[in-house]
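Presented below is the structure to which this report refers.
What follows is calculated from the coordinates using simple rules that are stated; it is not laboratory data. Bear in mind the structure is a predicted one, so any value in this text is a computation, not a measurement. All Cβ positions, even for glycine, are placed from backbone atoms using ideal geometry, and neighbour counts span all protein chains on display.
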Amino acid sequence: MTPHFEDARLLPIRDRVLAGERLSFDDGVTLYRSTDILGVGWLANAVRERVNGNITYFNVNRHINPTDVCTASCRLCAFGKKARDPRGYTMSLDQVWEVAGHGYSEAVSEFHIVGGLHPELTLDWYCEMLRGLKQRYPQVHLKAFTMVEIAYLAKRAKLPIREVLIRLRDAGMDSQPGGGAEIFSERVRRIICDHKIDGSEWLEVARISHQLGIKTNCTMLYGHIEGPEDRVDHLVRLRDVQDETNGFQTFIPLAFHPANTALAHLPKTTGYDDLRNIAVSRLMLDNIPHIKAYWVMMTEAMAQISQRFGSDDLDGTIVEEKIYHDAGATTSQGLRRADLLRLIREAGREPMERDTLYRPVERTENAFTILV
Ligand code: V47
């Protein structure tokens, strides 16, 4: 049974979605311009249930940000600090290893590790950090370093991207998070993050990671100065790379949080736009298996509802989040496993704890087993 669509422009798109056909650039723009959120959401939910059934995934993870010192000064960011800024911090290796252990008794299955582009920390330092983590927490998956950090380390070490990835992988990097993609449009990028690698370079690092067998995530930062065409262009460029490599596991739309950034005059995104981004990305990214509703960014309430608008993953327990909280997020720093279970069950979905590679995890109180 299909619902009544208020927006007649959605009808040909509905036919293509139900026939399992790929949507075009223009379809994407139409979806973004439509205010028929229930129509767009219904279509996205149909795809979500086709791809992931009734399951909503989550994991038990911990974020680690070894430093917020950053040579870039992106207008979108409230996290990075200049090397001379007394508010900045850089952990020693011992501190990283110790912080990683806070909450370890809950049997964390993933460390999510990202940080600023530090002018002095070397590739060897990061390799030693990974080796030390693997030695101390051998069963924890290390999801570490955005494409931006990889490109920066390669530049500083004067090594090819591929070589840097191989060294990090050999030291223990198991996969990579999807951050730093922002929005690929050069016009927008020049304004919000002109110190970062450009969109083509971001995609090229991802391509090389995938060729080496390293799975990654991907993101899009929306709700600043981009338009619907910029969003669709971003999604289509990710979809094109995925056609080549099949290395992206999850897409995470990230709502811009303006507080404490150089773009603090911009308004926050609305609930409508947050839901629409989940839904449109589910519809456009027909070759990426998972759409994550990052609850820190969306709020727990919106992340929960988004499970009926295209998302099938709520991320994890996180424990200590810094990037969004520096930019004014009022959500909690972490959730307990029981909280995530409740958010999923009350939406009528079936919770499945996963590891970073989406293998089901079986858990006793303080330990877990990955079921292959
Ligand atoms: O790369 C930075 C964004 C990203 C702001 O891969 C901001 O599983 C909003 O990538 N307002 C980091 N966004 C977060 C991220 C992520 C989160 C959860 C899961 C995964 C994953 C990845 O946050 C940055 C940037 O795009 N960001 N500053 C800000 N003021």
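Just report the Cα centroid separation between the range 198-248 and the range 23-50, whole Å.
20 Å
With both partners inside the chain, how many of the DSSP beta bridges are antiparallel, as a percent to the nearest 5? Display every interim value, and only then the final one.
Working: 6 of 32 bridges.
Rounded to the nearest five, the antiparallel share is 20 percent.
For the peptides 219-227, 261-269, what is the packing order when you average, over each peptide's residues, the other Cβ atoms within 10 Å and list the highest mean first?
Result, highest mean Cβ count within 10 Å first: 219-227, 261-269.
Can you give the helix-only mean residue ellipticity at 222 nm for the chain, where every DSSP H stretch with n ≥ 4 adds -39500 (n - 2.57) and the sum goes over all residues, rounded to the nearest 500 deg cm²/dmol?
-12500 deg cm²/dmol
Mind checking which of Ile166, Ile150, Ile291 has the largest fluctuation in a GNM of the chain, springs on alpha carbons under 10 Å?
Result for the chain, Cα springs under 10 Å: Ile166 fluctuates most.
Applying a 10 Å radius around every beta-carbon, put 156-165, 293-302 in order of their mean neighbour count, most first.
293-302, 156-165
With a 10 Å radius around each residue's Cβ, average the other Cβ atoms per peptide and rank 129-141, 336-348, 81-93, highest first. Don't skip to the end; give the middle numbers.
Values: 129-141: 17.2, 336-348: 15.5, 81-93: 12.9.
Highest to lowest by the protection proxy: 129-141, 336-348, 81-93.
So between Lys134 and Glu186, what do we pick up on full extension, going 0.36 nm a residue minus the alpha carbon distance?
14.9 nm
Could you list the square roots of 5 times each eigenvalue of the Cα gyration tensor of the chain, that is, the equivalent ellipsoid semi-axes, sorted largest first and rounded to whole Å? Working shown, then result.
Working: eigenvalues 199, 115, 76 Å².
So the three semi-axes of the chain are 32, 24, 20 Å.
Among all cysteines in the chain, which have no other cysteine Cβ under 4.7 Å from their own Cβ?
Result for the chain is Cys70, Cys127, Cys218, no neighbouring Cys Cβ within the cutoff.
How do Phe184, Phe145 line up, fewest other C-beta atoms within 10 Å first?
So the residues, fewest neighbours to most, are Phe184, Phe145.
Treating cross-link reach as a plain straight distance, find the aspartates and glutamates whose alpha-carbon is under 15 Å from the alpha-carbon of Lys196, omitting any fewer than eight places away in the same chain.
Counting by Cα, and skipping residues close in sequence, Lys196 has these aspartates and glutamates nearby: Glu149, Glu182, Glu186, Glu204.
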